Amino acid sequence: MRQRFLRRMAHVNPAGGAVPEAHRLAAWQRRSLCGAAAALFATGAAWLAVHYTRSADALPSPAEPWLIRAHGLAAFVALFVLGALAASHVPRGWRLAERRGWPAQRRTGVVLCGLGAAVVLTGYLLYYFAPDNIRPALGWLHAGLGAAMALLVIAHRRGTGHDRHHARS
């Protein structure tokens, strides 16, 4: 009985206590989130490189529309996974952070939710509403928010002690 408890509580938080395994992301959520994030980063960075490295008088690259389409597809996958996280991981994490006294986890989680909403909003504006005079600035804002979100995910995950625990294994 104690062994089973220890296995379930093996996800240690540096602030003290352990994160129940039931609160960790399900394998499909983790894989989907990592896959969508990698695809979003790769297609977004590739589009930025293709779009901004051509000379001003050159025609757009034929790769640009395909990169944006792939980026949009990855965004739909990411939205689905973020919806699943909003329904399960976020409410449980909120309660767990309250009980265990982990304010940093709650703060990074709240900021991640806000950044996620901002990335979705700027992406929507870019696709449907952005006038040509603000499109470049909005695009760079969108890219910066996405990069900030990726860095914060790493900080949020490190706050659980996950990386340190697995480094010892």
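Hey, ALA10 hits all of (1) at pLDDT 75 or above; (2) of a type in the set (Gly, Ala, Ser); (3) open to solvent by less than 60 Å² (accessible area, probe 1.4 Å) but one; which does it fall short on?
That leaves (1) as the condition not met.
Just to check your reading of the model, which residue among ARG135, ARG158, ARG100, ARG95 is basic (Lys, Arg) and modelled with pLDDT of 85 or more?
ARG135
Could you check the stretch 39-64 and list, in sequence order, the residues that are open to solvent by 60 Å² or more (accessible area, probe 1.4 Å) and without any contact (Cβ under 8 Å) to a residue 24 or more places away in the chain?
TYR52, THR53, ARG54, SER55, ALA56, ASP57, LEU59, PRO60, PRO62
Between residues in the stretch 104-115 that are in contact (Cβ under 8 Å) with a residue 24 or more places away in the chain and under 14 Å from LEU85 (Cα atoms) and residues that are β-branched (Val, Ile, Thr) and assigned to a helix (DSSP H, G or I), which pairs lie under 8 Å by C-beta distance while being six or more apart or on different chains?
GLY109/VAL90; LEU112/VAL153; CYS113/VAL90
Here are some conditions: (1) open to solvent by 50 Å² or more (accessible area, probe 1.4 Å); (2) within 24 Å of GLY72 (Cα to Cα). ARG92 meets all but one. Which one does it not meet?
Answer for ARG92: the failing condition is (2).
Of LEU138, LEU145, LEU85, LEU79, which residue is under 24 Å from GLY44 (Cα atoms), of a type in the set (A, V, I, L, M, F, W, C), assigned to a helix (DSSP H, G or I) and open to solvent by 70 Å² or more (accessible area, probe 1.4 Å)?
Sole residue among the options that is under 24 Å from GLY44 (Cα atoms), of a type in the set (A, V, I, L, M, F, W, C), assigned to a helix (DSSP H, G or I) and open to solvent by 70 Å² or more (accessible area, probe 1.4 Å): LEU79.
Somewhere in the stretch 25-32, is a residue at pLDDT below 85 and outside any strand (DSSP E or B)?
Yes, because at least one residue in the stretch 25-32 is at pLDDT below 85 and outside any strand (DSSP E or B).
The values are calculated or read from the model by the stated rules, or taken from the named source; none is laboratory data. All figures in this text were calculated on a predicted structure; none of them were measured in a lab. Note: ideal-geometry Cβ built from the backbone for every residue, glycine included; neighbour counts use all protein chains shown. Just the protein is used for accessible areas: all its heavy atoms, side chains included, with ligands, DNA and RNA removed. Shrake-Rupley method; radii C 1.70, N 1.55, O 1.52, S 1.80 Å.
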